[in-house]
Amino acid sequence: MPVDPLTPEQREIRDLVRDLARERIAPRAAEIDKSAEFPWDVVELYRENDIFGIMFDEEYGGIGASSLMTLVAVEEVSKVCATSGLIIAVQELGSLGIKLAGNTSQKERFLPNLASGEWLAAYALTEPGSGSDSAAMRTTARADNGEYVLSGGKRFITNAGVAHLYVVFAKTDPDAGHSGITAFVVEADTPGFEVGRIEPKMGIKGSTTGEIFFNDCRIPTANRLGEEGEGFKIAMRILDRSRPGIGAQGLGLAQGATDYALEYAKSRETMGKPIGEHQLIAGMLADMETKCEAARGLLYKCGQLIDEGADGADLTKISAMAKLYCTDVAMDVTTDAVQILGGYGYIQEYPVERMMRDAKITQIYEGTNQVQRLVIAREMLKENRAFLLAGVG
Ligand SMILES: Cc1cc2nc3c(=O)[nH]c(=O)nc-3n(C[C@H](O)[C@H](O)[C@H](O)COP(=O)(O)OP(=O)(O)OC[C@H]3O[C@@H](n4cnc5c(N)ncnc54)[C@H](O)[C@@H]3O)c2cc1C
C-alpha cells in the first residue's frame, strides 16, 4: 500500500466518506447518470453526515475548514460517482467568495446555511461570450439608491436551479476591463432572478448546468463582496482554491476506474489466463496506478499548502498544476480502463464508460487545461532561476 499522508483523525473522516460512497452512493451512480436528475438524496446524505461541514470553520457551523479533507472527500465520492463528488466541490466553489472576501456580517448571514447544506451554492462567472476570457463579460451592476441593479445573464452554471445562493461577477465599470468587475451574492428568491435552459450533457449528468438571468435584479449593497472593482481578483483567488477540487474529482475518477479495471483483469480470462497476466495489460495497469499516485501526491501537497495559508503566485501555480495533472490523468486512465474491459468497457452495464464520459469535463471547466498550462508557464516566466545556471557555459 502507498504511504498514507493523512493523520489518524483525517483518516477517520476519509473512511466515513469512503463508506458512505461505497455503501450509499455507488449503488445510485448508474441511475443518476441514466435519469440525469439532480440527486437530492445524496445531498440529504451529506447533510445527515455533516459532509459539507468539512469545508467550514466551527464558528460558522462547520467541523474545521480543511481544504485537504475537502479534496479527500471529493476524491472518495468521485471514485464511485463524479456527479456526487461535484456537489461537494461546488459547495466549496460557491462558498469561497464569502469565506475569502465576505465581511463578518456576510459570513454570519450565509455560511451557517452552507455549512449545514441547507443551502447549496453556485459560482457564476461564465457567459455566452466570455469563458476563458472573463473580462469580456457583459452582465452589469449599476449603483442605484444604495442598491445595485443587476442586468444580464450567465451560462453553464453548475447548480443552476438547485442553488439558493449564487456568487455572481458583473461589470460595475464596463470600460475598465478586469478592474471593472465586482462580485455579489445573489439569492435565488431575488425578484428578477430567473433560471433558463438546463443543458443536456455528455457526462456528470446528474449535475445541473444551466443559464441564469438577472432581469434588473435589485441587490442590496450589503450583498457586495469586497469593494467595487475587486471582483476579478476575488474570482481568481477563488479559482486558486477551487481548481484542486476538480483535480480531486479527476483523481477519484481515475482511481475508481483503475480499481475496477484491476478487478476485471483478475477475473477475465483469455488464452488460458487472466488478462492481468498478459504483459500488455499488466503494463497498462501499472501505468494507471502510477499516474494516480503521482496525481495524489501533487493534489494533497496543494491541499496542505492551502491549509497552511499559501496565497498568491505560489498557490496559483501549484493549484493549476494539480488541476491540470489530475484531470489529464483522469482522461488517460479512464480511457485505458475502457480498453482493458474490451467490448464490455464500451457498454453501459459496466461503469467505466460513464467514468470516461465524466472525466472529459474535468479538463474543461474551472479553466480549460490549455488555460492551466498558460497560467503555469506565466508563473514560471516570472521566476528568476538564473542562479541555477550560474557557471553553465
Ligand atoms: C458542465 C459544465 C459546468 C460548468 N460550470 C461552471 C460554473 O459553475 N460556473 C462558471 O462560471 N462556469 C462554468 N462552466 C464554464 C466553463 O468554465 C467554461 O466552459 C470554460 O472555462 C471554457 O470557456 P468556453 O466554454 O467559453 O470556451 P472558450 O474560452 O471559448 O475556449 C474554447 C477553446 O479555446 C481554448 N482557448 C481559449 N483561450 C485560449 C488561449 N488564450 N490560449 C489557448 N487556448 C485557448 C480553450 O482551452 C478551449 O479549448 C461550466 C461548463 C460546463 C460545460
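The values are calculated or read from the model by the stated rules, or taken from the named source; none is laboratory data. What you see is a predicted model, and the numbers here were worked out from it, not measured in a lab. Cβ: placed from backbone, ideal geometry, glycine included. Neighbour counts: every protein chain shown.
For the reader, a short list of remarks on this structure follows.
- Flag for residue 95 being in contact (Cβ under 8 Å) with a residue 40 or more places away in the chain, of a type in the set (S, T, N, Q), in a helix (DSSP H, G or I) and closer than 23 Å to residue 364 by Cβ: yes
- The selection criterion, being within 13 Å of residue 249 (Cα to Cα), away from the ligand (no atom under 14 Å from the Cβ), touching a residue at least 24 places away in the same chain (Cβ under 8 Å) and part of a loop (DSSP other than H, G, I, E, B), does not hold for residue 72.
- Summed over the range 100-115, residues that are in contact with a helix residue (DSSP H, G or I) (Cβ under 8 Å, 6 or more places away or on another chain) and away from the ligand (no atom under 16 Å from the Cβ) total 11.
- Leading residue by the ranking (nearest to residue 174 (Cα to Cα)) among those in the range 116-149 that are of a type in the set (Val, Ile, Thr) and within 16 Å of the ligand (Cβ to nearest atom): 139
- Just one of the listed residues (107, 154) is modelled with pLDDT of 95 or more and part of a helix (DSSP H, G or I), namely 107.
- Restricting the range 12-57 to residues that are over 25 Å from residue 307 (Cβ atoms) and of a type in the set (Phe, Trp, Tyr) leaves a set whose member that is farthest from the chain's Cα centre (by Cα) is 40.
- Tallying residues that are over 16 Å from residue 7 (Cα atoms) and without any contact (Cβ under 8 Å) to a residue 24 or more places away in the chain within the range 297-317 yields 4.
- Whenever a residue of the range 126-144 is over 14 Å from residue 180 (Cβ atoms) and part of a strand (DSSP E or B), it has no partner that is among the β-branched types (Val, Ile, Thr) and near the ligand (Cβ under 9 Å from one of its atoms) lying with C-beta atoms less than 9 angstrom away and at least six residues away or across chains.
- Unmet criterion (only one of (1) under 23 Å from residue 201 (Cβ atoms); (2) out of contact with any helix residue (DSSP H, G or I) (no Cβ under 7 Å at 6 or more places or on another chain)) for residue 343: (1)
- The residue of the range 165-189 that is nearest to the ligand (Cβ to nearest atom), among those that are outside any strand (DSSP E or B) and buried (at least 18 other Cβ atoms within 10 Å of the Cβ), is 188.
- Exactly one residue among 238, 246, 204 is part of a loop (DSSP other than H, G, I, E, B), of a type in the set (A, V, I, L, M, F, W, C) and either on the phi > 0 side of the Ramachandran plot or under 15 Å from the mean Cα position of the chain (by Cα) (or both), and that residue is 204.
- Counted residues, the range 271-296 - those being touching a residue at least 12 places away in the same chain (Cβ under 8 Å) and under 14 Å from residue 342 (Cβ atoms): 4
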